[in-house]
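Every number here is computed from the coordinates shown, using simple stated rules; none is lab data. This one's a predicted model, so the numbers in the text were calculated from it and none came from an experiment. Here the Cβ positions follow ideal geometry from the backbone for every residue, glycine too, while neighbour counts run over all protein chains shown.
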Amino acid sequence: MSRYPEPENKTDFSIHPDTKIASLSLTVSNLEEQIAFYEQMLGFQLLSREAKQARLGIGSRELIHLVEEPDPKRYQRVTGLYHFAILLPNRRELARSMARLFSAQYPNSPTDHILTKTTYLDDPEGNGIELYAESPEDGAWFMDENSFYARRSDGSLSNGREALDLDELFSHLKKDEEMDLPISQETRIGHMHIHVRNIAEAVDFYHGVLGFDVMGKSAAMRAAFLSAGGYHHHIGLNIWQGEGAPGPPPGALGLRHFSIGLPDQSALDAVIARVDAAGIPANQVDNGLLLADPSQNGVLLINKKS
């Protein structure tokens, strides 16, 4: 069985296979409370703090940038963040992260997608988060025009949204496991799942311009998954806020932008050339090229080595 689903038809250009989601930036209303959540509940380290901004991550790697704005509001029926997904290196680290949440009685929803083991939660300001570990040895998922489903390694079918076996997951913990240690050094942002105004338009941007491969589209689910290098998905798209949903007003709570990390300058330049050729407005910033997708979700293209 393939480790991941096979991509659909490709364009003449594919983004470099080592491309990853590098980080994300959020507008928040209470910086202190958000820092406390990401440090205490998820185990991130505070890397820097200046005025109304904070950067959190692991070691020297920034994963989350928080920017406090005066009186921001949470808007409904707009594009933006559905959830960002934190990828842990194995089931033991996922179990440790989930045990921390359970110990604090923090609400979360453990789910077995067969291909991944996961739990979903919101931060204190309503930003959706997925914590997950890969489990391709258990099977794979598939998406077609009519459905999303999973096939276990024994060939049996699943809806891909089963209750997670917590006894099995927590069996990976040692008896003297320390739950308050920082999150694993191997942790990274696994994928972004965003609300868009139109699936075909968004696919044209992320696939046709940036070069991510389409791993699955479903009219019934009103969603699509795209990736680099054959991964199950680095970017999830949905129209669950409504077809034609507008972008959030300036200063709204939630996603400012997410960073797509290319492995070197040559790979970055290749994508920038396609953005330029498509006539998409963009701004050069200190660490890359900042632009917006057609649904006004901010995208920052960066060289991970710079």
The chain - charge dipole about Cα centre, Lys and Arg +1 at Cβ, Asp and Glu -1, debye rounded to 20:
180 debye
Hey, what do the phi angles of the range 123-128 turn into as Karplus ³J(HN,Hα) couplings, whole Hz, using 6.51/-1.76/1.60 and θ = phi - 60°, x for Gly and Pro?
6, x, 10, x, 7, x
If Phe205, Phe212 are placed from fewest to most neighbouring beta carbons inside 10 Å, the sequence is Phe205, Phe212
If you rank Ser14, Ser97, Ser266 by fewest surrounding Cβ atoms within 10 Å, what's the result?
Ser266, Ser14, Ser97
Place +1 on the Cβ of every Lys and Arg and -1 on the Cβ of every Asp and Glu in the chain, take the dipole about the Cα centre, and give the residue among Thr118, Gly254, Met221 whose Cα lies farthest towards its positive end.
Gly254
Report ³J(HN,Hα) in whole Hz for each residue of the range 230-246, in order, from the Karplus equation J = 6.51 cos²θ - 1.76 cosθ + 1.60 where θ = phi - 60°; Gly and Pro get x.
x, 5, 4, 5, 9, 9, x, 10, 8, 10, 6, 8, x, 4, x, 4, x
Any idea what the alpha-carbon Rg over 2.2 N^0.38 Å comes to for the chain?
0.97
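Provide Met98, Met221 in ascending order of the number of other Cβ atoms located within 10 Å of each residue's Cβ, fewest first.
On the way: Met98 25, Met221 19.
Taking fewest neighbouring Cβ atoms as first place, the list is Met221, Met98.
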Through the Karplus equation 6.51 cos²θ - 1.76 cosθ + 1.60, θ set to phi - 60°, convert the phi angles of the range 150-155 into ³J(HN,Hα) values in whole Hz; use x for Gly and Pro.
10, 10, 5, 5, 8, x
Protection proxy (average C-beta count within 10 Å per residue), highest first, orders 231-243, 70-82, 279-291 as 231-243, 70-82, 279-291
Return the long-range amide H neighbours of Ile86 (sequence gap of 5 or more, or a different chain), with a cut-off of under 5 Å between placed amide H atoms.
Glu130, Leu131, Tyr132, Gly190
